[in-house]
Amino acid sequence: MADTFSGLINYWVAIALMMIGFYIVIAQGNLVKKIVGLNIFQVAVFVFYISMGKVKGGTAPILDDSIEVYSNPLPHVLILTAIVVGVATTALALALIVRINRAYGTIEESEINEQDNVLDASEGKP
Amino acid sequence: MIIISLLFFMTATAISMLWLRDLFAVVMLSGIYSLFAAVIYMVMDAVDVAFTEAAVGAGISTVLMLGTLALTKSKEKVHKKIAYGPLALVLITGGILVYGTLDMPHYGDANAPIHSHVASRYIEKSGLEVGVPNIVTSVLASYRGYDTLGETAVVFTAAIGVLVIIGRRKKKRKKTGAVNDGGDIA
Amino acid sequence: MAEQSNMFLILLVIIPLIASPVCVLLRNATAAWAVSMAVAWSVFGIAIKLVNDLSASNQVLYYRIGGWDAPWGIEYALDKVGGLVILVVSIIGALSLVYAKRSVEKEIPPERIYLFYAMLMLCLSGLLGIVITGDAFNLFVFLEISSLSSYVLISLGKDKRALTSAFNYLIMGTIGATFYIIGVGMMYMMTGTLNMADLSTILPAVADSKTVMVALAFLTVGISLKLALFPLHAWLPGAYAFAPSVVTVFLAATATKVSLYVLIRIFFTVFGKVDVFETFPIQPVLLVMALAAMFIASLAAIWQQNIKRMLAYSSIAQIGYMVLGVAIATEAGLTGGIIHIFNHALMKGSLFMAVGAMAYGAGITTVSDMAGMGRRMPLLMAAFVVGGLSLIGVPLTVGFVSKWALVSAALDAQMWPLAALILLSSLLAIIYVWRVVEIAYLKPAPENAPKPSAVPLSMLIPTWVLALASIWFGANATFTMNMAGSAARHLMGGY
Amino acid sequence: MMHQKSVLRVVSKLLIPPILLFALYVQFHGDFGPGGGFQAGVIFAAAFILYGLIFGIANARRTVPASATRTMLALGVLLYAGTGVWTMLLGGEFLDYNYLASTPIAGQHLGILLVELGVGITVAGAMMSIFYTFAAQTLDGDEDIEEEV
Amino acid sequence: MMFAAAALGVLVAMALAMFRAFAGPTVFDRILAVNTAGTLTVVLISVYGFLSERPEFLDIALLYALINFIGTVAVTKFVQFQGLGYPVGDHEDGDI
């Protein structure tokens, strides 16, 4: 039991972080905050990945004659790519937010939806 | 011990980001959140990832978010108490994930399948096949070089996308048609 | 397995990928269009060549990127289903570029046009990359290339709701991709590999572990978000309704199909040696979702005023049919699902092209704007009617072929009520298609309506090519049926 | 305004050349230690971001104009993909660096150098371009690009 | 041993700084706290490098210090001017 706990606690905390991020994304109405939530979510996933690559007693996967055990380099490579994808998404989302703020005058989801509903409703009528 | 306390800091930071209404503070905290994550990567031997996360998460993202706040609003307006629907969804998702961890190899287990199949070849042979000491670099640029090409394309997409969405064109002299240069896009 | 590597696989993806920075460097709308046009048609040629190779060799085509053997490097693999999907993507890509020239000139600010083509090329490259990759993580990378570029493309719509639609799609898409990554991570954790073929050989040993089960759940949910499967479809109507016409045509006919293909790939290739539908309780869930999509989305379509949004809801319903085919999980069912990927691309492509062209000529956006269109733009309206008949599933159209395949699959699998429900949902399609047709032909145009401007041939011809194709492949379904049939046989394991 | 903040100005002027140098170090030392094209690109861009923050965006744009960042963006991707195409022309698979030089190891070294350079150029261009675009927006936007319904 | 003790000390200091960052109350408290936490991260990384006996990763600490500086400049500039750049005005080449 204690073994399970100490062996999995990293993953659990990472999952808790993911869920905090996920909650911010789906429950909070502010667009910037949604993006921050998305970042929290993604970084937590990265922590999850890096955790699985660690080998006890290993060190960073940079070859050196004096070292026997290395941690797994593959998750590192994957997460490098994922981080880049994450920042790309963030940049695009922020650009969209700037435009949305200009078009709607707000970055709160509820106010945007109100304006959208008005537009949707006016569409059918001549 | 370092990892646990840093994870604790990260959780605390995330929770306070959830509560704070001042977006400016939220953005600053998200920078520090990334910085903590970067130290965790470093402690878990992922030095390259730590390097990138610090540069990107704490550096570029923060600057961009500040830039966005400057152009929008820096206070969150409505503040819902607790949204029960999303909360339930999140708890269920989290529950499923935790359930999935139960059969996982434990943290740091050297016998986990993940370390034996593909990765062991990288560690044993990359020195001979690629000849670069940093295994992450050899996997990144050679074995899985194609992923990195995709990654470059993603960065390219994002930059062009930002230009498309908010890039300002050069002020046109009226009615002169499409002569514009020096602008962002055309 | 013959391991002859086929270099056309990589060319298919790399050519549009290279075209994109070239477009940026050219910095000229016409030149960018010309480059994209050349690229899209050569991609189409390569796709035909690959499909030929596939049917000649009856084997999976491979390409080893970087010269590294499969589980260590990234591998490209193309099977028959993939062949059909790349055919769909490249046909639509080629035709929509013909269509794009004039349409884009009208809808997008002139200084952004060359960037638009750069984005379109990236999107094309991403979609093709998703289809032919044999590596679970590489799929994510290309998924993101195509997603990011489609967010940008959608946000170029004139209406300000295009911005919020793009943003919503971005949020949902990123959550989907992140779920996918979690799933891949968990599978990787249990198997130590990312290569799909390799995964399929290792997974059976660990398939009953909780981790793999959760991994499958997350992969399914993540892809379903991209696929807009019923309860996760919220991003789709707005995105299709407010994007520029070309973008709607391109995405509606390709993006969801590619996601469906990923789902099929995960169920039948990655988990191919595990009986997914026996081991995991996926079938009932998928069936319920598919049926809900068919009915609820069709009902929603009936109430829409915006015509593009109506067609978008109809797309969600049609995705329901495809998923239904997968969920029946017999060879016949899968054939129905796969053939509908192809057929739906043809009909939705022609419908959205017709609507886009009418918007170009007469500025229509809503169903009531269509009044008198039957007389004002007879050719386009006729193409619309052909597409609409296909949606309903009238004989001699592709829609009939798919529905017939699905119904007979349901009957084969002893699922009587399912067959009845498929027919019943067609009735709903009749209602929403008829609504438009009635207004277009029976209602006179308003007095003060301006005379519609001439629609350029470059928009008319692709519309009609797709419309005619949907009649041709409806009357003569041997090619598609054979292709889908042998693809399904391959997926189900009996070659 | 910022003109009086002499501490910042002096410190930044002193810092920017070492930052650029550090970026080059990260770029070319990535084979041996942590680092590589992506990180180097970000650091390289960070130098210009710092410059832009302290001395104004207009000045930064004069140093590296937007057209230059756009060209960098495209060139990096082309360099990367071009390396792959080049190996194909030499008879190998796409991105098979073994064909680039007489011995596989030398080929791998050259290949990695080239693609990392491609990544670095694209990333630096992208980050600068994104920063420029954001930093020069005005609150109400340019009516030139406002497309209201 | 010495390095472990140092790491512990840094962690405690970090906790204190983070408390200030969460609690506020003014913007400047937060800026200072976040900046301090950043600096402590640099120290922690350096210490950890020696703790794990591979001190060659000091590059990372260098990068952190740099990013921390740029971040702080950006933040303070934001607070002072509500923006990141000079207002561009509309001189001819003045987009961006």
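The values are calculated or read from the model by the stated rules, or taken from the named source; none is laboratory data. All values derive from a computational prediction rather than experimental measurement. Here the Cβ is made from the backbone with ideal geometry for all residues, glycine too, and neighbour counts use every protein chain on show. Side chains are part of the model used for accessible areas, which takes the heavy atoms of the whole protein and leaves out ligands, DNA and RNA. Shrake-Rupley method; radii C 1.70, N 1.55, O 1.52, S 1.80 Å.
Miscellaneous remarks
- Here the stretch C:1-150 is treated with +1 on each Lys and Arg Cβ and -1 on each Asp and Glu Cβ, and its dipole about the Cα centre works out to around 540 debye.
- Debye, to nearest 20: dipole size of the stretch C:267-374, +1 on Lys, Arg Cβ, -1 on Asp, Glu Cβ: 280
- Loop-located trypsin sites (Lys or Arg not before Pro) across the stretch B:18-103 with a Cβ neighbour count of 10 or fewer within 10 Å are B:Lys80, B:Lys81, with loop assigned by DSSP.
- Between helix D:6-29 and chain D: long-axis angle, C-alpha atoms, 0 to 90°, nearest 10: 10
- Kirkwood Rh in Å, taken over the stretch A:2-122 so that all alpha-carbon pairs contribute: 17.2
- Peptide C:173-185 is shielded by partner chain Cβ atoms: per residue, an average of 6 of them sit within 10 Å of its Cβ.
- Inter-chain shielding of C:53-65 (mean C-beta neighbours from other protein chains, 10 Å cut-off): 1
- Ordering C:Asn168, A:Val13, C:Pro456 by the projection of their Cα atoms onto the charge dipole of the protein assembly as shown, which places +1 on the Cβ of Lys and Arg and -1 on the Cβ of Asp and Glu, puts C:Pro456 at the extreme positive end.
- Heavy-atom accessible area with a 1.4 Å probe sorts A:Ile40, C:Ile282, largest first, into C:Ile282, A:Ile40.
- One way to sum up the overall shape of the stretch C:281-489 is the equivalent ellipsoid from its Cα gyration tensor, whose semi-axes run 32, 18, 12 Å, largest first.
- Taking the inverse of the mean 1/r over every pair of distinct Cα atoms in the stretch C:1-126 gives a Kirkwood hydrodynamic radius of 15.4 Å.
- Cα-based radius of gyration for the stretch D:21-79, normalised by 2.2 N^0.38 Å, reads 1.24.
- Solvent-accessible area per residue, Å², over the stretch A:2-122 with all protein chains present [probe radius 1.4 Å]: 24
- Pairs of Cα atoms nearer than 8 Å and 6+ residues apart set the relative contact order; for the stretch C:281-489 it is 28 percent.
- By the helix-only formula, in which each DSSP H run with n ≥ 4 contributes -39500 (n - 2.57) and the sum is divided by residues, chain C has a 222 nm mean residue ellipticity of -25500 deg cm²/dmol.
- Stokes-Einstein translational diffusion, chain D - Kirkwood Rh over all Cα pairs, 1.002 mPa s, 20 °C, in µm²/s: 124
- Nearest-0.05 FRET efficiency for D:Thr63 and C:Lys158, computed from C-beta distance (R0 35 Å): 0.45
- Placing unit charges on the Cβ atoms only, positive for Lys and Arg and negative for Asp and Glu, gives chain C a dipole magnitude near 1360 debye about its Cα centre.
- Gyration tensor (alpha-carbon) shape descriptor, the stretch E:13-79, a/c threshold 1.5: oblate
- Helical segments meeting 27 Å axial Cα length and Kyte-Doolittle 1.0 threshold in chain A (DSSP H): A:2-27, A:31-53, A:73-104
- Kirkwood-based Rg to Rh ratio, the stretch C:284-347, C-alpha trace: 1.03
- Euclidean distance between Cα centres, the stretch C:442-495 to the stretch B:1-55, Å: 52
- Using the Cβ of C:Leu84 as centre and a radius below 15 Å, the other residues enclosed give a net charge of +3, where K and R count +1 and D and E count -1.
- Positive-pole candidate from C:Cys123, C:Ala469, B:Leu71, dipole of the protein assembly as shown, charges at beta carbon: B:Leu71
- Across peptide B:1-8, the average count of Cβ atoms from other chains found within 10 Å of a residue's Cβ is 6.
- Mean Kyte hydropathy of 0.0 or more with a Cα span along the axis of at least 18 Å, helices from DSSP in chain B: B:2-19, B:23-43, B:84-101, B:145-166
- What a 1.4 Å probe finds exposed on the stretch A:2-122 is 55% carbon and sulfur by accessible area, rounded to a whole percent.
- Pairs beyond 23 Å (Cα-Cα), from A:Lys56/B:Lys125; A:Lys33/C:Lys158; A:Lys33/C:Lys160; C:Lys308/C:Lys443; C:Lys226/C:Lys308; A:Lys54/C:Lys226: A:Lys33/C:Lys158; A:Lys54/C:Lys226
- Rounded tilt (10° steps) of D:37-55 against the dominant C-alpha axis of chain D: 20
- Filtered GluC sites (Glu not before Pro), the stretch A:48-126: DSSP coil and at most 12 other beta carbons within 10 Å: A:Glu68
- The portion of the accessible surface of the stretch C:46-132 made up by carbon and sulfur, rounded to a whole percent, is 56 (1.4 Å probe; DNA, RNA and ligands excluded).
- The stretch C:221-284 and the stretch C:386-406 have Cα centres separated by 21 Å.
- Kirkwood Rh, Cα atoms: Rg over Rh of the protein assembly as shown: 0.95
- For the stretch C:65-133, the relative contact order is 47 percent, taking Cα pairs closer than 8 Å that sit 6 or more residues apart in sequence and dividing their mean separation by the residue count.
- With all protein chains kept in place, the per residue accessible area of the stretch C:267-337 amounts to 29 square angstrom at a probe of 1.4 angstrom.
- Of all beta bridges that DSSP places with both ends in the protein assembly as shown, some 75 percent have antiparallel geometry.
- Protection proxy ranking for B:88-99, A:83-94, using the average of other Cβ atoms within 10 Å per residue and placing the highest first: A:83-94, B:88-99.
- Reciprocal mean inverse distance between Cα atoms of chain B - Kirkwood radius, Å: 21.2
- Alpha-carbon centroids, the stretch A:54-92 and the stretch C:332-349: separation in whole Å: 42
- Taken over chain C, the percentage of Cα pairs per 20 Å bin, counting from 0 up to the bin with the maximum distance, is 25, 60, 15, 0.
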